[in-house]
Amino acid sequence: MFKVHAIASHRLPELLRIMPKAELHIHIEGSLEPELIFALAQRNGVALPYADVAALRSAYAFSNLQSFLDLYYAGASVLLHEQDFYDMAWAYFLKAKADHVVRAELFFDPQTHTARGVPMAAVIEGLSRACHDAQAQLGISADLILCFLRHLSEEDALATLEAALHWRDRFIGVGLDSSEVGHPPEKFSRVFARARGLGLHVVAHAGEEGPPAYIWSALKDLQVERIDHGVQAIHDADLMKHLAASQVPLTVCPLSNLKLCVFKSLAEHTLGQMLDAGLCVTLNSDDPAYFGGYLNDNFLQTFAALHLNAQQAYKLAANSIEASFASEEQKHHFMHQLKQCFQSFSEQD
Ligand code: HPA
Ligand code: ZN
């Protein structure tokens, strides 16, 4: 076990900023900033029902997941061409680089685009070209995870997966997102079985707003390798024990939970309890352009609100690396970088 030295609380923010970390829960369409939405709308001749950037930004006041999703899908309507998808992802990678993200696994929602007549090729080729350039130009290891929209049918998800298989080598897994309540994981058992059979990684949103039963279903019916969000697990003692024993990772997104009113304040967030219970928790930004912060903002604000310490910072960063779908060799390298970062930081004391 790596020994983490105590660090003076005034130095903790700097450590949080510079420590190498992986981001495992970022919807790339949720990184579309209002400025880029307007620039792409102009480039593509798309009319927006907002006068300007400020008017759009002021509409970002959400009461629950659905109130956010309505705006999120509207924002994505400006994406038409391969270059648009590239530009969106590249803007994210520049932010990720500034936050010392060494590994990023990007969710994307093909159905949001193909339903508007955008070719699957434009979506996947634009995003995967940006992932390639992130590695080549920024040194960020990046891969794509294709998400199915759970408010649509399983048939639609199956057809989407088949269409995407032409680019089988451009994505590493599948996920499940969009409106959770009323759309339990078991609705997608067949398409997840098909994905697993193809050797794809499998993850699913569960327990963001939905009950602990949805987390059980994601684990048992979909056999997911990670749970996205999972914060509702706290209401089921058996599930908490199971998650601690199995170490199935949870990709928690505190600023998202705050903005979607899952918790009234960050001080009431249960991240600390989840860590104390021994769960394999990671921190992520979800939809940073909409929720008021990228990955380091999530770390800084959550650590301040919950009074977390350097040991917990190390644990969260280590969890993110170990829970990623990077190769064992890459993970080993990132863990080495993480330990070196903590070592040299404590020597400067
Ligand atoms: N939950 C569900 N679906 C989503 C989210 C989320 O937080 N962000 C983008 N699609
Ligand atoms: Zn999400």
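The values are calculated or read from the model by the stated rules, or taken from the named source; none is laboratory data. Note that this is a predicted model, so its numbers are computed, not measured. With ideal geometry, Cβ positions are generated from the backbone for all residues, glycine too; neighbour counts draw on all protein chains shown. Just so you know, the surface numbers come from the protein's heavy atoms only, side chains and all, with ligands and any DNA or RNA stripped out. Shrake-Rupley method; radii C 1.70, N 1.55, O 1.52, S 1.80 Å.
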Worksheet item: Looking only at helices (runs of 4 or more DSSP H) that fall completely inside the range 294-349, which ones have 1 or more residues that are on the phi > 0 side of the Ramachandran plot?
Response: none
Worksheet entry | Scan of the range 70-100 for residues that are within 16 Å of ligand 1 (Cβ to nearest atom) and open to solvent by 10 Å² or more (accessible area, probe 1.4 Å), ordered by number | Asp70, Leu71, Tyr73, Ala74, Ser77
Practice prompt. Kindly provide the set of residues from the range 29-40 that are away from ligand 1 (no atom under 16 Å from the Cβ), farther than 15 Å from Gly292 by Cβ and buried (at least 18 other Cβ atoms within 10 Å of the Cβ), ordered by number.
Written response: Leu36, Leu40
Discussion item. Against the conditions (1) closer than 28 Å to Ile140 by Cβ; (2) touching a His at 6+ places or on another chain (Cβ under 9 Å), where does Phe68 fall short? Just the number, please.
Written reply: (2)
Fill in: Residues that are closer than 22 Å to His205 by Cα and open to solvent by less than 10 Å² (accessible area, probe 1.4 Å), drawn from the range 132-159
Leu144, Ile145, Leu146, Cys147, Phe148, Leu149, Arg150, Ala157
Fill in: Which numbered condition Ala51 fails, given (1) away from ligand 2 (no atom under 16 Å from the Cβ); (2) assigned to a helix (DSSP H, G or I); (3) more than 20 Å from Pro288 (Cα to Cα)
(2)
Item to complete: List every residue pair whose Cβ atoms lie under 9 Å apart, where the two residues are 6 or more positions apart in sequence or sit on different chains, the first residue falls within the range 43-66 and is more than 26 Å from Gln83 (Cβ to Cβ), and the second residue, located anywhere, is of a type in the set (Val, Ile, Thr).
Response: Asn64/Val262; Leu65/Val181; Leu65/Val262; Gln66/Val181
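Please go through the range 291-302 and pick out each residue that is more than 13 Å from the chain's Cα centre (by Cα) and either closer than 17 Å to His205 by Cβ or surrounded by 21 or more Cβ atoms within 10 Å (Cβ to Cβ) (or both).
To start, the set of residues in the range 291-302 that are more than 13 Å from the chain's Cα centre (by Cα) comprises 292, 296-297, 299-302.
Those that are more than 13 Å from the chain's Cα centre (by Cα) and either closer than 17 Å to His205 by Cβ or surrounded by 21 or more Cβ atoms within 10 Å (Cβ to Cβ) (or both): Asn296, Phe299, Thr302.
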Worksheet entry | Out of Val181, Val191, sole residue that is part of a loop (DSSP other than H, G, I, E, B), β-branched (Val, Ile, Thr) and at pLDDT 95 or above | Val181
Practice prompt. Starting from residues that are within 21 Å of Ile26 (Cβ to Cβ) and of a type in the set (Val, Ile, Thr), keep the ones in the range 162-200 and report whichever is nearest to ligand 2 (Cβ to nearest atom).
Written response: Val174
Worksheet item: Is it the case that the range 233-249 has a residue that's assigned to a strand (DSSP E or B) and in contact (Cβ under 8 Å) with a residue 60 or more places away in the chain?
Response: no
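Residue-by-condition table, conditions (1) among the basic types (Lys, Arg); (2) open to solvent by 10 Å² or more (accessible area, probe 1.4 Å); (3) within 15 Å of ligand 1 (Cβ to nearest atom):
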| residue | (1), (2), (3) |
| --- | --- |
| Arg190 | yes, yes, no |
| His201 | no, yes, no |
| Ala206 | no, no, yes |
| Gly210 | no, no, yes |
| Pro249 | no, yes, no |
Worksheet item: Just a yes or no: is a residue in the range 92-112 closer than 22 Å to His205 by Cβ, aromatic (Phe, Trp, Tyr) and part of a helix (DSSP H, G or I)?
Response: yes
